[in-house]
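Worksheet for the structure shown next.
The values are calculated or read from the model by the stated rules, or taken from the named source; none is laboratory data. None of these values were measured; they are calculated from a predicted model. Positions of Cβ are generated from backbone atoms using ideal geometry, with glycine treated the same way; all protein chains shown enter the neighbour counts.
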Amino acid sequence: MKLVLYGVAVSAFVAKVRIALDFKGLDFEERTPPGGYGSADYRAIVPAGSVPGLTAEGAPLHESNAILEFLEEIAPAPALLPEGALARARVRALLGFHDQRVEAATRALFPVVKRDWRAEPETVETACAAIEAALMRLDELDAPAQLLSGAAPSFADIAYPCTVQMARMLGAEMARPVSAPPRVEAWVEAASALPAVARSLEIHRAAMETWMAGFRPR
Ligand SMILES: N[C@@H](CCC(=O)N[C@@H](CS)C(=O)NCC(=O)O)C(=O)O
């Protein structure tokens, strides 16, 4: 099946799909959306206009989590969903927490880093503290437990490393280091050692660095 991933390298949503494709050893091509996401040219391929988009034999899909489920169905091994309805529901819940809480809190730093953030220390502090609160909640949700106890990686494990890297890079850029609870740190480190995760972390790190450099005073 010919798979094409449409994405931009700074997106943690795109990263989780790329990681799943790599982890499952699927052959795919990665392209940036022609004209940028939302453009008419891109919407002619992926009508939702958002990234990640995936075409399978030309048929478009959007929404990262729907794409992950599709990949799990077309390539069940190696699995990224565990056995058992409860365990699978838990992984899906952690994906939701990633998208709606941790990534959303991290994304709130993007407009700040583009502005003169030095003039807005309270905005920086509030935004970074919100990320730390979400990461603390992730620890309370016991997100690190499975992988750290030796279970096979799941979608939940591969979704977080790029987002945490993004939070750390944005925080460091604004001289406000973002910290995570020790178990979350250990979890992210363990997931980051997976070759599929490591490859996307590097793509994402380089893209973030270039993007942030564009807003530094000369
Ligand atoms: N819920 C979506 C969120 C993806 C998302 O927010 N993508 C951003 C870029 S990181 C985007 O495409 N924004 C433009 C748009 O939605 O039109 C998913 O999981 O795929």
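Figures for the structure shown
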read-out	value
First in region 39-57 and over 18 Å from residue 2 (Cβ atoms) and modelled with pLDDT of 95 or more, second anywhere and charged (D, E, K, R) and surrounded by 13 or more Cβ atoms within 10 Å (Cβ to Cβ), Cβ under 8 Å, 6 or more apart	48/63; 49/43; 50/63
Filter result (crowded, with 20+ Cβ neighbours inside 10 Å and either among the charged types (D, E, K, R) or over 19 Å from residue 24 (Cα atoms) (or both)) within region 144-167	144, 146, 157, 163, 164, 165, 166, 167
Residues within region 104-125 that are in a loop (DSSP other than H, G, I, E, B) and not charged (D, E, K, R), tallied	1
From 126, 163, residue being closer than 19 Å to residue 17 by Cα and at pLDDT 95 or above	163
Unique residue being within 23 Å of residue 64 (Cα to Cα), surrounded by 20 or more Cβ atoms within 10 Å (Cβ to Cβ) and out of contact with any strand residue (DSSP E or B) (no Cβ under 7 Å at 6 or more places or on another chain) when the list is 104, 191	191
Within region 1-103, helices (runs of 4 or more DSSP H) holding 2 or more residues that are in the same structural domain as residue 153 (by TED's automatic domain parsing) and within 11 Å of the ligand (Cβ to nearest atom)	85-97
